[in-house]
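The values are calculated or read from the model by the stated rules, or taken from the named source; none is laboratory data. Please read these numbers as outputs of a predicted model, since none were measured by experiment. FYI the Cβ positions are ideal-geometry reconstructions off the backbone, even for glycines, and counts take in every protein chain you see. Protein only, heavy atoms only, side chains kept; ligands, DNA and RNA dropped before computing areas. Shrake-Rupley method; radii C 1.70, N 1.55, O 1.52, S 1.80 Å.
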Amino acid sequence: MSKPTLLILAAGMASRYGSLKQIDGFGPHGETIIDYSIYDAIRAGFGKVVFIIREEFLEKMREVFDEKLNGKIEVDYAFQSFDLTKFGVDRVIERTKPWGTAHAVMSAKDHINEPFCVINADDFYGKDAFEKMAAFLRDEVTDEKMALMGFKVGNTMSDYGYVSRGVCDVDGEGNMVSVTERTNIYYITDDAGKKKIVYEEEGKQHDLDPNTRVSMNFWGFTPRIFEVAQSMFSKFVEENGDNPKSEFFIPSVPDYMVKNNMASFRVIPTSSKWFGVTYKEDKPIVQKSISNLVKEGVYPEKLF
C-alpha cells in the first residue's frame with residue numbers, strides 16, 4: 001500500500017499576524033512550524049507533502065523548503081485560486097478572500113491519489129497526532145471510514161484570551177456525530193479559586209470539560225472527499241456567491257457525509273498539546289514551547 005500524503009493548507013495571507021507566518025522562524029535554528037509538522041510526518045511514515053498555496057508564494061516557498069526536504073520526502077505544490085471553472089462553476093466572482101479550507105483541499109485533487117491528511121500550516125500538532133493518523137491511514141481508512149484527530153480542549157487553550165474550537169459530539173463507538181463551532185472559549189477562576197474552562201453562548205457561560213475532544217483541522221481522508229466536496233461546492237457558490245466573506249469550510253463536508261450515511265469519521269484521541277500563532281504576540285510563547293520540546297529530546301536541535 002502506498003504511503004499516505006500530508007496536505008498542508010498554506011494559502012492564507014495571515015492578515016492578523018502581519019507577515020507570511022508560514023515561513024516565519026520559531027525553532028532554535030529558524031525552523032518554521034511547518035518544518036516540525038513535516039519532520040513528524042516523515043518519522044510517522046508519510047511519503048509526500050503537498051502545499052496548498054497562492055501561486056505568488058511559490059518561489060518563496062520553494063526557496064524555504066525544497067532544498068532541505070530533498071531526498072527526505074516528495075514535495076509538490078498546488079494553487080488555491082479564484083478560478084472556479086475546474087470545479088464546474090462557470091460564474092466569474094470578484095472577491096479578495098479565498099473560498100475557505102474545503103475549497104483549498106479541493107485544489108489538490110490532481111495532486112493526490114492516495115489516503116491523506118490535512119493540516120493547517122500555522123498549527124503545531126505534535127508527534128503523537130501524526131503517528132496515530134499515519135497508522136489509521138495505513139491500516140483502517142476506506143471511502144466509508146475516515147477520521148479526524150480529537151484534541152483535548154484543555155490542551156489547546158490560550159492564557160491570553162478567547163479561542164474558537166470545533167467541539168466534537170462523539171458516539172459510543174468513538175465516531176463523530178457532529179462538530180459544533182464554539183466561539184469565546186476561555187479560562188475563568190471560580191469562587192473557590194479554581195481555574196476552569198467555559199464557553200459563551202447568547203451571553204451565558206457554560207462549563208466545558210477540559211477533556212472534551214475538539215477538532216483542530218487535522219483530518220484523514222481518501223480522494224473520495226474531492227468528489228463529495230465538489231458536488232457541494234457548486235451549490236455553495238450558487239447560494240453564497242454574492243457574499244464576499246462566505247467560506248466553504250472543511251467540517252461541512254464530513255458533516256454532510258455523516259448525516260447522509262455516506263461515511264463515518266473516527267475521532268482519534270491524542271494526548272498531543274496543540275499550539276499555534278494568530279498574532280505576533282503568540283510568537284515568543286510558541287518559541288518557548290518548541291525550545292522545551294527540544295530540551296526534552298522530543299525533537300533534535302536542528303531538524304534538517
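Extending 7 Å from the Cα toward the beta-carbon at both ALA192 and PHE304 defines two label points whose distance is 4.9 nm. So what's the gap between the Cα centers of the range 192-220 and the range 123-168, to the nearest angstrom? With the range 192-220 and the range 123-168 each reduced to a Cα centre, they are spaced 16 Å. Rounded to the nearest angstrom and listed largest first, the equivalent-ellipsoid semi-axes of the chain from its Cα gyration tensor are 27, 25, 21.
For GLU67 and LYS283, calculate 0.36 nm times their separation in residues minus their Cα-Cα distance, and state this gained length in nm to one decimal. Provide the component values of the computation, followed by the final result.
Details: separation 216, 0.36 × 216 = 77.76 nm, distance 2.54 nm.
My answer for the length gained is 75.2 nm.
Within the assembled protein chains, the solvent-accessible surface assigned to MET232 is about 30 Å², based on a 1.4 Å probe.
Evaluate Rg over Rh across the range 121-176, taking Cα atoms for both radii and Kirkwood's formula for Rh.
Working: Rg = 13.6 Å, Rh = 13.5 Å.
Radius of gyration over Kirkwood radius for the range 121-176 works out to 1.01.
Each residue of the range 239-245 was assigned a 3J(HN,Hα) from its phi angle through the Karplus curve 6.51 cos²θ - 1.76 cosθ + 1.60 (θ = phi - 60°); the sequence is 8, 10, x, 8, 9, x, 9 Hz, with glycine and proline shown as x. What separates the Cα centres of the range 250-278 and the range 45-107 is a distance of 21 Å. Computed 3J(HN,Hα) for the range 286-299, one whole-Hz value per residue from the Karplus formula 6.51 cos²θ - 1.76 cosθ + 1.60 where θ = phi - 60°, is 5, 4, 5, 4, 5, 4, 5, 5, 5, 4, 7, x, 5, 10, glycine and proline marked x.
With a cut-off of 14 Å on the backbone N, the residues of the range 248-269 near the modelled label site 7 Å out from GLU140 along Cα-Cβ are 264-269.
If you roll a 1.4 Å probe over the chain with all protein chains in place, what percent of the accessible area is carbon or sulfur? Mind dumping the intermediate values first?
Working: 6630 of 14630 Å².
C and S atoms contribute 45 percent here.
Accessible surface area normalised per residue over the chain is 48 Å², counting heavy atoms of protein chains with a 1.4 Å rolling probe. Sequentially through the range 27-36, phi angles give Karplus couplings (6.51, -1.76, 1.60; θ = phi - 60°) of x, x, 10, x, 5, 7, 4, 4, 4, 5 Hz, Gly and Pro residues having no value and appearing as x. Per residue, the convex hull spanned by the Cα atoms of the range 180-269 amounts to 142 cubic angstrom. List every residue whose amide H lies under 5 Å from the amide H of LYS273, counting only residues 5 or more places away in sequence or on a different chain, with H placed 1.01 Å from N in the peptide plane. Excluding prolines and chain starts, which carry no amide H, there are no hits.
Each residue was assigned an accessible area with a 1.4 Å probe, and for HIS29 the value is about 100 Å². Please build a GNM for the chain, connecting alpha carbons under 10 Å apart, and tell me which residue among GLN287, GLN230, GLN205 fluctuates the most. Taking springs between Cα atoms under 10 Å, the residue moving most is GLN205. Ordering of 43-50, 135-142 by packing is 43-50, 135-142, highest average first (other Cβ atoms within 10 Å, averaged per residue).
Between LYS245 and GLU202, the modelled label-to-label distance comes to 2.2 nm, taking each label 7 Å out from Cα in the direction of the beta carbon. Within the listed set GLU31, GLU114, GLU200, the Gaussian network model of the chain (springs between alpha-carbon atoms below 10 Å) gives the highest mean-square fluctuation for GLU200.
Springs between Cα atoms under 10 Å define the GNM used for the chain, and in it the highest mean-square fluctuation of ASP190, ASP90, ASP122 occurs at ASP190. SER271 contributes about 80 Å² of solvent-accessible surface, heavy atoms of the protein only, 1.4 Å probe.
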